[in-house]
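This report refers to the structure that appears directly beneath it.
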Amino acid sequence: QLGRTAQASRYRVEAFESLGSTNDEAMARGRAGDHGRLWIVAREQGQGRGRNGRVWSSPPGNLYCSLLLRTPCQPALAPQIGFVAGVALHRAVSAVSALSPGRLALKWPNDLLLDRAKLAGILVEGSMAPGGDLTVVIGIGVNAAHNPADTPYPATNLGAKGLPVGVSPLFAALSDTMAETLARWDAGRGFQLIRREWLERAGGLGEAITVRRPDGDRRGIFVDLDPDGRLLLDEGTRRVAIEAGDVFLTAL
Ligand code: BTN
């Protein structure tokens with residue numbers, strides 16, 4: 001099944017029983033000169049990583065995968081790739097779960113929520129390759145069968161919602177939607193289209209939210225994404241563009 005997917009999207013796939021982190025393995029391949037379009041998939045991870053140095057709990061039963069890309073774009077465009085991955089992930093999970101669209105939502109910058117609890121996360125890491133291309137690793141973890149209990153944000157999994165989706169069909173769908181969405185992104189030329197698609201799937205748009213940052217919490221109405229993907233927060237007296245932070249879809 002994995003092999004068929006690779007052929008359909010012209011991406012290669014290497015599947016492992018166990019790895020420390022699929023992101024680390026993909027990044028090591030990039031450093032060793034791999035030309036990209038390579039998926040690394042593992043049944044479990046010993047050192048799965050989340051955003052902001054957090055641990056990503058990775059027992060067998062969930063999907064852990066990383067896509068290595070080499071793209072001739074500027075490092076400043078790297079954050080756009082998280083939105084590309086978010087749109088692709090939303091489309092893939094929608095397709096395999098047949099959930100009504102309103103139950104799945106993207107949470108800025110690139111989490112996937114099911115019934116407002118975290119179902120999947122994306123970790124984009126990158127570096128410049130010697131030839132001037134950007135080497136990017138898009139790591140995606142989907143809680144198919146398990147979710148950690150003690151997270152800052154409520155978490156869930158597909159099985160717990162009565163949706164027993166296997167990791168193979170999930171990965172097959174994701175591999176297809178990623179290839180298709182990346183082609184439309186077109187190394188940044190199609191970002192405004194992707195931004196609109198992201199906004200169509202966004203959770204909390206027009207609602208009061210809290211953005212947690214190292215320098216404190218900010219509260220306001222989530223009004224839009226700016227053309228670079230920053231979250232626009234209306235704080236009443238002013239509108240601020242936020243580059244990084246953890247969003248809570250509620251006024252904490
Ligand atoms: C987050 O929401 O904090 C991002 C989580 C990303 C987890 C995935 S699992 C596959 C890949 N390998 C890792 O070590 N992390 C990403």
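Quick note: the coordinates plus some simple rules give every number you see, no bench work behind them. Please read these numbers as outputs of a predicted model, since none were measured by experiment. For neighbour counting, all protein chains shown are included, and Cβ atoms are generated from backbone atoms with ideal geometry for every residue, glycine included.
General observations
- Percent of Cα pairs exceeding the 26 Å cut-off, where the set is region 1-111: 21 percent
- Check: region 208-248 dipole with +1 on Lys, Arg Cβ and -1 on Asp, Glu Cβ, in debye: 140 debye
- Charged side chains reduced to their Cβ positions (Lys and Arg at +1, Asp and Glu at -1) give the chain a dipole of some 220 debye around its Cα centre.
- If you take all other residues with their beta carbon under 11 Å from the beta carbon of ALA120, and give Lys and Arg +1 and Asp and Glu -1, the sum is +1.
- With Cα atoms defining each centre, region 45-59 and region 146-195 are spaced 17 Å apart in the structure.
- Stokes-Einstein D (µm²/s) once Rh is taken as the Kirkwood radius of the chain over alpha-carbon pairs, at 20 °C in 1.002 mPa s: 117 µm²/s
- Shown for region 111-174 is the translational diffusion coefficient from the Stokes-Einstein equation, using the Kirkwood radius over Cα pairs, a temperature of 37 °C and a viscosity of 0.692 mPa s: 245 µm²/s.
- Cut-off 10 Å between beta-carbons: net charge of the residues surrounding VAL136, Lys and Arg +1, Asp and Glu -1: -1
- Between ALA76 and ALA208, the modelled label-to-label distance comes to 3.7 nm, taking each label 7 Å out from Cα in the direction of the beta carbon.
- Local electrostatic count, VAL87, Cβ distance below 11 Å [Lys/Arg +1, Asp/Glu -1]: +2
- Only Lys, Arg (+1) and Asp, Glu (-1) charged, at Cβ; region 52-183 dipole about Cα centre in debye: 280 debye
- At least 27 Å along the helix axis (C-alpha) and Kyte average at least -0.5, DSSP helices within the chain: 78-97
- Its residues counted as N, region 208-248 yields a C-alpha radius of gyration over 2.2 N^0.38 Å of 1.03.
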